[in-house]
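Contents: one structure, followed by commentary.
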Amino acid sequence: MRISHFNTFVEGGSAVLMLRLHQELRRRGEDSHIRYRKGNLLIPDAQRLEYCHGWPDRQRERIQHRAENLLLLPEPPSFYSKLRLHKATHPPADDSSADIIHLHWVSRWLDLPSFFHDIPKDIPVVWTIHDMSPLAGGCFTDFGCDQLSGGCKKCPLLRGPFNRITARREFLSRKTTLAGRRILAVGNSSNTTQLIKKSALFRDAEKIVTIHPALNPSEFVRHDKQEARRLLGIDCDRFVLGFGAASLTDNNKGFNRFLETVEMVAAQLGPVDALVFGEGISAAGSQKVNVHLMGRVSSPALQSLIYSAMDLFVVASRMETFGQVATEAQACGTPVWAFDVGGLGDAMLDGITGILVPFPETAKMAKSICTAKRSGSLSSMGDRGAEWVRKNFSIEQMADHYLKLYRQALGLKFPQAS
């Protein structure tokens, strides 16, 4: 079976999922290939596809993005952009004969009308949905907008009169492109799957299912907390709260909400440490909060050490369709405190491997953290989290689910486990 995967970047949650799935498919003898735009994958079955060549193309792309930003209302609740290239993005010729086209996160890259033009309509297209960007006319996160099922007739993110034109036009273009296509949509959580079912663009999808992202248990290894802290230069007697994101300046991720929570914890328990990874912040902290900034961390081995050194990990996001960092932290024996948004309820067990708190109640989160610290329950929560994640989020399980979906789309039987 030939499967062609498409993802804009080679880093980030969608890229990690794609690469893990691809490697497991290759291990099982499937003919899996990767296409991407940004980054470097030094493997023979991955191909970088850049459709913008030269200064004029790059400038036109920048101008398009800047023009879209000018249409936004001040402080919109979600990011908006068509986020597709201004020119045709035809797939490589050999992908036109693939058995399965698997789209992951393809914004800021594929122009869907030209891309699908060269893909025969009988080829199944599996589309793993990681955020709102494929579901409507250009928004990225679910903020309670009622236009998802209505077709973006009046976008609450844009200034008038563009609020009645831009998103609607993009929505109709996508609808025309997907018409008559064999689309099998995959939500990365039960919450994302519900959004797919609401979307007018996926109303005629052949199948809509939930398949959770997996992690590799050989990569995310649990270390002794005291030893991990010693190696990272952190006082073994301090209470350590953790936070991580690709970009610490991403408002959705809520680094400011994390710091607010930590300050309230310190006010109740005394001085604490914050262990943070991600780009974009050069200094932070206060008299009661000592912040250890680890910068950008892409190595699972180093991530494992950092997660293991934490007493608990905080997800302060306004929206997460799943929350991969939550499963990574739990795999390393660290319980998770998170706002109860999006798909985080799938990524952890509330009250068992961590605690879910209503958004954006930082005071309630801080109080809950202090209660758990005083009760001495954090260690047992970490034990349960590590066991639960390894049992429910293995790469083998994820690959089984995707292979079953591929085979169903091709009318093939899925072999039963012996």
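List of remarks:
- Label point at THR371 placed 7 Å out along Cα→Cβ; residues across region 311-332 whose backbone nitrogen lies under 18 Å: 312-315
- For the residue pairs LYS82/LYS391; LYS121/LYS154; LYS38/LYS153; LYS153/LYS404; LYS38/LYS87; LYS82/LYS197, the alpha carbons lie more than 27 Å apart in LYS82/LYS391; LYS121/LYS154; LYS38/LYS153; LYS153/LYS404.
- Extension gain for MET294 to GLU11 (0.36 nm times residue separation, less C-alpha to C-alpha distance): 100.1 nm.
- Karplus 3J(HN,Hα) series, Hz, for region 14-26 with 6.51 cos²θ - 1.76 cosθ + 1.60 (x for Gly, Pro): 5, 5, 4, 4, 4, 5, 5, 5, 4, 5, 5, 5, 5
- The ASN216 and ARG159 beta-carbon pair, evaluated with R₀ = 56 Å, returns a calculated FRET efficiency of approximately 0.80.
- Pairwise label distance in nanometres, ARG66 with LEU410, each label 7 Å out on the Cα-Cβ vector: 4.7
- Cα gyration tensor shape of region 205-334, rounded if a/c is under 1.5, else prolate or oblate by comparing a/b with b/c: oblate
- Potential extension, ARG58-LEU73 segment - 0.36 nm per residue separation minus Cα distance: 2.8 nm
- Spacing of the two label points (7 Å from each Cα toward its C-beta) at LYS175 and LYS87, in nm: 3.1
- Within straight-line reach of LYS364, meaning a Cα separation under 23 Å, sit the following lysines at least 8 residues removed in sequence or on another chain: LYS253, LYS288, LYS373.
- Trypsin sites (Lys or Arg not before Pro) within region 371-413: DSSP coil, no more than 11 neighbouring Cβ in 10 Å: LYS413
- Here the Karplus curve 6.51 cos²θ - 1.76 cosθ + 1.60, taken at θ = phi - 60°, turns the phi angles of region 295-302 into couplings of x, 6, 10, 10, 7, x, 5, 6 Hz, with x standing for Gly and Pro.
- Rounded to 5, the percent of DSSP beta bridges in the chain classed as antiparallel: 5
- FRET efficiency, 1/(1 + (r/R0)^6) with R0 45 Å, evaluated for GLN47 and ASP235 via beta carbons: 0.40
- Within the chain: Cβ-based charge dipole about Cα centre, in debye rounded to nearest 20 (Lys, Arg +1; Asp, Glu -1): 1100
- Residue-averaged [θ]222 nm for the chain, counting only DSSP H segments that reach four residues, each worth -39500 (n - 2.57): -11000 deg cm²/dmol
Coordinate-derived values only; no laboratory data. All values reported here derive from a predicted model rather than from experimental measurement. Cβ: placed from backbone, ideal geometry, glycine included. Neighbour counts: every protein chain shown.
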